[in-house]
Amino acid sequence: MLDWPSAFGAFPLTGEGRTVATRAAADLDAFLGPDWLTRAAGRLRLAGASFAELVALWARLRLLVESNVQGIAKLRGNLARNPSRDEFRHGITQARLAVQGLLAGERPVLEPPVGDVRLGSLLLELRGLYEAGPGITRRIVRAVELKAKQTRTEPAVWVWIEDEGALGAGFAAEALDRVFHTWPHLRGVVLSMTSPPPPPPTATERFERGARFVRTLPGGAVRESVVVHRPGPEPFGFQLVCSLCSDEPAWLDAALARLGHPGGLQSLVLANS
């Protein structure tokens with residue numbers, strides 16, 4: 001039977017790291033259920049996860065629990081009942097964005113009546129697109145249009161599209177103009193693509209309708225995020241959404257500090273390991 005102590009025990013850790021690993025294993029077992037890893041085997045790639053990824057999973061969930069964030073019980077139920085790939089990706093993205101908002105001084109809500117994450121007055125609606133192939137622009141537009149329709153009762157919504165390499169390059173902001181025109185409550189869209197190392201240089205590019213961020217995450221994966229806003233001036237939520245993309249590499253160390261481990265990820269792993 002797979003268990004969390006074995007998953008964390010595969011890494012060369014400092015004394016502080018072993019303390020965190022013991023705490024994280026117990027907390028994840030309590031949060032997700034004692035048989036969750038066994039049920040998830042074959043559907044999730046946790047067996048090959050890095051220590052940073054495992055610690056990040058624990059840190060985001062634990063901080064939301066300790067902060068008594070509204071909706072954490074519902075998110076917990078969703079993850080515990082269904083350890084499928086899509087449910088897991090969706091849930092941990094919700095948790096990460098909520099933690100980033102919390103660390104930025106916002107008041108997050110998970111699983112609000114409409115949408116996936118509320119950060120103050122801003123609503124985020126998430127969607128995963130994980131299959132590469134032709135017609136990706138059309139699929140992005142359709143996904144955004146569906147999410148805009150589902151959130152039409154809200155005053156300010158951003159749709160957040162996550163993938164693992166399916167989006168590719170060359171997506172034009174103008175492809176979304178018809179959706180922006182139809183749904184005025186839609187303020188913008190984030191296209192967020194994760195790829196394995198080696199990382200390209202960190203980059204920030206501004207353009208007329210938004211910005212592009214390339215960041216190396218704890219653990220070595222690379223996230224490219226393109227933020228596209230509706231035509232016209234920068235809309236409500238643009239700066240906050242940009243900060244979520246730009247500052248993502250820093251959230252884990254900040255969360256660890258809030259959880260009583262101010263040395264950050266670097267203090268947990270033996271040097272040269």
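The values are calculated or read from the model by the stated rules, or taken from the named source; none is laboratory data. Computed from a predicted structure; not experimentally measured. Cβ coordinates were reconstructed from backbone atoms using ideal geometry, including for glycine residues, and neighbour counts include every protein chain displayed. Each accessible area value is taken on the protein alone, full model and side chains, heavy atoms only, with ligands, DNA and RNA left out. Shrake-Rupley method; radii C 1.70, N 1.55, O 1.52, S 1.80 Å.
Taking Cα atoms only, the orientation of helix 85-103 departs from the longest principal axis of the chain by about 90 degrees. Here segment 39-69 is scanned for amide nitrogen atoms under 12 Å from the site 7 Å beyond the Cα of GLN150 along Cα-to-Cβ, giving none. In the context of the full set of protein chains, residues of the chain present 46 Å² of accessible surface per residue (probe radius 1.4 Å, heavy atoms only).
Take peptides 259-267, 31-39 and line them up by average Cβ neighbours within 10 Å, highest first, as a rough protection proxy.
On the way: 259-267: 14.4, 31-39: 17.0.
For the peptides 259-267, 31-39, the packing ranking is 31-39, 259-267.
Computed extension gain for SER267 through PHE236, at 0.36 nm per residue and net of the alpha carbon distance, reaches 7.3 nm. Counting only protein chain heavy atoms and rolling a 1.4 Å probe, the accessible areas of LEU270, LEU63 rank, largest first, as LEU270, LEU63.
Please list VAL144, VAL226, VAL65 from largest to smallest accessible area, probe radius 1.4 Å, with all protein chains kept in place.
Descending order: VAL65, VAL226, VAL144.
For the chain, the longest principal axis of the alpha carbon atoms and the long axis of helix 51-66 meet at an angle near 80°. Label-to-label distance for ASN78 and GLU66 is 2.4 nm, based on points extended 7 Å past Cα in the beta-carbon direction. About the centre of its Cα atoms, the chain shows a dipole size close to 460 debye [charges on the beta carbon of Lys, Arg (+1) and Asp, Glu (-1) only; nearest 20 debye].
Between GLU87 and SER6, the FRET efficiency estimated from the beta carbon spacing at R0 = 30 angstrom works out to 0.80.
What order do you get for 154-160, 6-12, 86-92 when each peptide is scored by the mean count of other beta carbon atoms within 10 Å, highest first? Intermediate results must be reported in sequence, preceding the final value.
Numbers: 154-160: 22.0, 6-12: 15.1, 86-92: 17.6.
Highest mean packing first, the order is 154-160, 86-92, 6-12.
Comparing mean-square fluctuations of GLY115, GLY128, GLY42 from a GNM of the chain with C-alpha springs under 10 Å, the top value falls on GLY42. To the nearest ten degrees, helix 72-81 and the longest principal axis of the Cα atoms of the chain are 70 degrees apart. ASP177 to SER50: extension gain in nm, 0.36 nm per residue of separation minus the Cα-Cα distance? Using 0.36 nm per residue and subtracting the Cα-Cα distance, I get 41.8 nm.
Which one of SER121, ALA271, ALA40 is farthest out on the positive end of the charge dipole of the chain, using unit charges on Cβ (Lys, Arg +1; Asp, Glu -1) and the Cα centre as origin? Farthest towards the positive pole: SER121.
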